[in-house]
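Colleague: Just passing along the structure, written as structure tokens.
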Amino acid sequence: MKGVRLFSVILIGLWLAGGCQEGLAPRLNLGGASPDFLLIVLSVLGLYCKRRQGAFLGFAAGMIEGSLAGANLSAYVLTRTIAGFACASISHFEFEPNPFVAGAVTAVVTVLANLGVMFVSPPGAIFPFVLATIGSAVVNGVLAMPLHLLIRRLSDPYVR
Amino acid sequence: MLLGLCVFGIVYGRVQTARRVSGSFDPVARIVHGVSDPVAKLSGGSVDFLGDFAYGLTHARRLTLENERMRQLLQAATLYTEKTDQLTQEIDRLRGLEALPDHKKQKVITDIVGYSPYENRITLAVGSAQGIGVGMAVVCDQGLVGTVQIVDSHRCQVQLLSSAGLTLGALDLTRNPPPEGLLNGESTSKLGLVFLDPEAPVSLGDQIFTSGHSEHIPPGILIGKVIAVDFNPEFGTRRATVFPAVQVGRIREVAILK
């Protein structure tokens with residue numbers, strides 16, 4: 001997936017993810033762990049981006065998430081920009097991304113990004129935050145798999 | 001480039017914090033909220049709908065039973081309110097009867113157990129066993145109802161004021177000296193009062209009371225209000241139409257003065 005199609009998918013993906021993050025994520029809270037739709041979109045789409053594109057994608061996701069959260073915008077922008085850059089770097093390795101890789105990458109990115117937020121802007125209670133991060137990582141990893149299949153179908157409609 | 005984005009993020013974070021401290025959103029947050037709000041509402045609403053739908057499916061039986069129970073409770077509450085209102089009204093009426101002046105006679109308070117509007121009669125649940133006798137006055141808190149006509153051991157019938165067969169003496173106590181006359185029933189909303197003095201100074205709105213020229217009916221019980229006055233020059237009589245103070249259909253209890 002390249003050029004205008006990638007840009008369109010990123011734009012729509014971030015828009016939908018932002019909306020879902022605001023309206024859906026709080027309702028899908030399971031024991032403190034709720035999905036982070038922006039991180040899911042960032043991780044899955046990052047696999048299809050070049051490093052520069054990945055960094056911009058992460059920057060945009062961080063801006064949106066920080067704006068929606070209403071606090072710690074710097075922490076979100078920093079962690080998401082680096083995460084986007086890192087996801088795009090993975091695509092440089094010679095392997096075909098599959099749903100399991102996308103799920104695993106998303107889970108790892110979720111843990112690292114949230115730990116980054118924790119270091120830049122430490123929360124009041126560390127232990128519950130870490131537990132919630134691990135829960136979110138699992139949920140995000142699971143949700144990333146169908147999203148990856150959808151993105152792959154969009155990038156190449158003839159893939160079976 | 002990565003460093004540039006990070007530096008921009010940190011700088012803009014400070015801008016956001018400054019705006020937040022001053023109580024406003026930064027421009028990016030405003031745009032992000034404006035753009036994502038429709039999706040947020042749609043997605044949140046959809047999840048709520050699906051959640052409600054799933055809850056309805058899994059708890060259908062319980063919800064139906066709960067709904068039924070709530071309806072029954074509502075019905076019971078409505079009936080309870082109606083019953084309470086009825087009892088409150090009954091208490092008010094009984095208090096009114098208790099507060100009636102006794103006119104130097106003993107009051108026997110009783111329920112109306114039958115009402116025959118076309119016969120101009122009511123039946124009461126007391127009789128000779130309670131000391132009730134023919135001709136005794138029957139009153140309520142609004143005024144005179146009628147007189148006892150037939151007495152059984154535990155039951156009696158009262159001839160209402162509206163009956164044409166009932167004649168009693170009446171006074172217009174609004175005037176001084178009060179003109180006197182004879183009162184006869186005409187209909188449930190009209191009584192005829194013929195004054196003994198053709199020059200009696202009667203006018204509309206005057207209140208008519210019992211005269212007391214009777215063994216059983218004490219003086220000063222309200223009968224009604226004058227709503228029309230006629231003068232018949234041929235017979236030399238002054239006649240007033242009186243609207244009865246008591247509307248029998250609306251009362252449930254009365255007092256007999258024995």
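The numbers here are math on the coordinates, done by the rules we state, and not lab data. Keep in mind that what you see is a predicted model, and the values were worked out from it rather than measured. All Cβ positions, glycine included, derive from the backbone under ideal geometry; neighbour counts span all protein chains shown.
Colleague: For the stretch A:3-155, what is Rg from Cα atoms divided by 2.2 N^0.38 Å, rounded to two decimals?
Modeller: Relative to the rule-of-thumb radius for its length, the stretch A:3-155 sits at 0.95.
Colleague: Which order results if A:Met63, B:Met70, A:Met118 are arranged by neighbouring Cβ count within 10 Å, fewest first?
Modeller: B:Met70, A:Met118, A:Met63
Colleague: Using the 10 angstrom Cβ neighbour count as an exposure proxy, how do A:Val108, B:Val139 rank, fewest first?
Modeller: Listing A:Val108, B:Val139 from fewest to most nearby Cβ atoms yields A:Val108, B:Val139.
Colleague: Next up: Points 7 angstrom from Cα along the Cβ direction at B:Glu234 and B:Ser24: gap in nanometres?
Modeller: For B:Glu234 paired with B:Ser24, the spin-label model returns 9.8 nm.
Colleague: To the nearest Å, what is the center-to-center distance of the stretch A:1-77 and the stretch B:3-25, using C-alpha atoms only?
Modeller: 19 Å
Colleague: Go ahead and run the numbers for FRET between B:Ala125 and B:Ala60, Cβ-Cβ distance against an R0 of 56 Å, rounding to 0.05. Don't skip to the answer; put the middle values down first.
Modeller: Values: r = 53 Å, r/R0 = 0.95.
The computed FRET efficiency comes out at 0.55.
Colleague: On to the next question. Convert 4 °C to kelvin, take the viscosity as 1.567 mPa s, use the Kirkwood radius over C-alpha pairs of the protein assembly as shown as Rh, and evaluate the Stokes-Einstein diffusion coefficient in µm²/s, rounded to a whole number.
Modeller: Using the Kirkwood radius from Cα pairs, D works out to 44 µm²/s.
Colleague: Measure off 7 Å from each Cα along the Cα-to-Cβ vector at B:Val7 and B:Thr84, then give the distance between these two points in nanometres to one decimal.
Modeller: 7.5 nm
Colleague: What is the sum of charges around A:Gly84, taking Lys and Arg as +1, Asp and Glu as -1, for the other residues whose C-beta is under 13 Å from the C-beta of A:Gly84?
Modeller: +3
Colleague: Further, regarding this structure: For the stretch A:69-160, what does the equivalent ellipsoid look like in terms of its semi-axes, each the square root of 5 times an eigenvalue of the Cα gyration tensor, given largest first in whole Å? Mind dumping the intermediate values first?
Modeller: On the way: eigenvalues 158, 42, 25 Å².
Ellipsoid semi-axes (Å, largest first): 28, 14, 11.
Colleague: Quick one: order A:Ser34, B:Ser128 by neighbouring beta-carbon count within 10 Å, fewest to most.
Modeller: Taking fewest neighbouring Cβ atoms as first place, the list is B:Ser128, A:Ser34.
Colleague: Could you give the spread of the C-alpha atoms of chain B along their three principal axes, from largest to smallest, in whole angstroms?
Modeller: Per principal axis, max minus min of the Cα coordinates gives 122, 48, 34 Å.
Colleague: Oh, and also: Using only Cα atoms, locate the centre of the stretch B:231-250 and the centre of the stretch B:151-200, then give the distance between them in Å, rounded to an integer.
Modeller: That distance is 9 Å.
Colleague: Next up: Determine which lysines satisfy two conditions relative to A:Lys50: a Cα distance under 24 Å, and not lying fewer than 8 residues away in the same chain.
Modeller: Answer for A:Lys50, where 24 Å is the Cα cut-off: A:Lys2, listed by chain and number.
Colleague: Based on the Cβ-Cβ distance from B:Arg71 to B:Glu253, what FRET efficiency comes out when R0 is 45 Å, to the nearest 0.05?
Modeller: The pair B:Arg71/B:Glu253 has a calculated efficiency of 0.80.
Colleague: Okay, next question. In the neighborhood of A:Ile64, defined by Cβ-to-Cβ distances under 14 Å, what is the net charge if each Lys or Arg adds +1 and each Asp or Glu adds -1? It would help to have the intermediate numbers written out before the result.
Modeller: Values: positive: A:Arg80, B:Arg30; negative: A:Glu22, A:Asp36, A:Glu65, B:Asp26, B:Asp37.
Result for the local shell: -3.
Colleague: Could you derive backbone 3J(HN,Hα) for the stretch B:96-109 from the dihedral phi with the Karplus parameters 6.51, -1.76 and 1.60 (θ = phi - 60°), listing whole Hz in sequence and x where the residue is Gly or Pro?
Modeller: Whole-Hz 3J(HN,Hα) from phi for the stretch B:96-109: x, 5, 5, 7, 4, x, 7, 6, 6, 10, 7, 9, 10, 8.
Colleague: Output the pairs from B:Lys83/B:Lys258; B:Lys83/B:Lys105; B:Lys107/B:Lys190 with a Cα-Cα distance over 29 Å in this structure; if there are none, say none.
Modeller: On the way: B:Lys83/B:Lys258 32 Å; B:Lys83/B:Lys105 34 Å; B:Lys107/B:Lys190 27 Å.
With Cα atoms farther than 29 Å apart: B:Lys83/B:Lys258; B:Lys83/B:Lys105.
Colleague: Same structure again: Step through the residues of the stretch A:36-45 one at a time and calculate ³J(HN,Hα) from phi using the Karplus curve (6.51 cos²θ - 1.76 cosθ + 1.60, θ = phi - 60°), rounding each to whole Hz and writing x for Gly and Pro.
Modeller: 10, 5, 5, 5, 5, 4, 4, 5, 6, 6
Colleague: How large is the helix-only mean residue ellipticity at 222 nm for chain A, computed as the sum of -39500 (n - 2.57) over DSSP H runs with n ≥ 4, divided by its residue count, in deg cm²/dmol to the nearest 500? Before the final figure, lay out each step's value.
Modeller: Numbers: 6 runs with 120 residues, N = 160.
-26000 deg cm²/dmol, from helical runs alone.
Colleague: Let me ask something else. Just want to confirm a number: the relative contact order over chain B, from Cα pairs under 8 angstrom separated by 6+ residues, in percent. All intermediate terms of the calculation are to be shown ahead of the outcome.
Modeller: Working: 443 pairs, mean separation 40.9, N = 258.
So the answer I get is 16 percent.
Colleague: Starting from the amide H of B:Gly224, placed 1.01 Å from N in the peptide plane, find each other amide H under 5 Å away whose residue is 5 or more places distant or on another chain.
Modeller: B:Ile208, B:Ala245
Colleague: Separate question: Please compute the contact order of chain A in relative form: average sequence separation of alpha-carbon pairs under 8 Å and at least six residues apart, divided by the residue count, as a percent.
Modeller: Values: 221 pairs, mean separation 42.6, N = 160.
Normalised by residue count, the contact order of chain A is 27 percent.
Colleague: How long are the semi-axes of the equivalent ellipsoid of the stretch A:92-146, taking √(5λ) for every eigenvalue λ of the Cα gyration tensor, in whole Å from largest down? Mind dumping the intermediate values first?
Modeller: Values: eigenvalues 129, 33, 6 Å².
Semi-axes, largest first: 25, 13, 6 Å.
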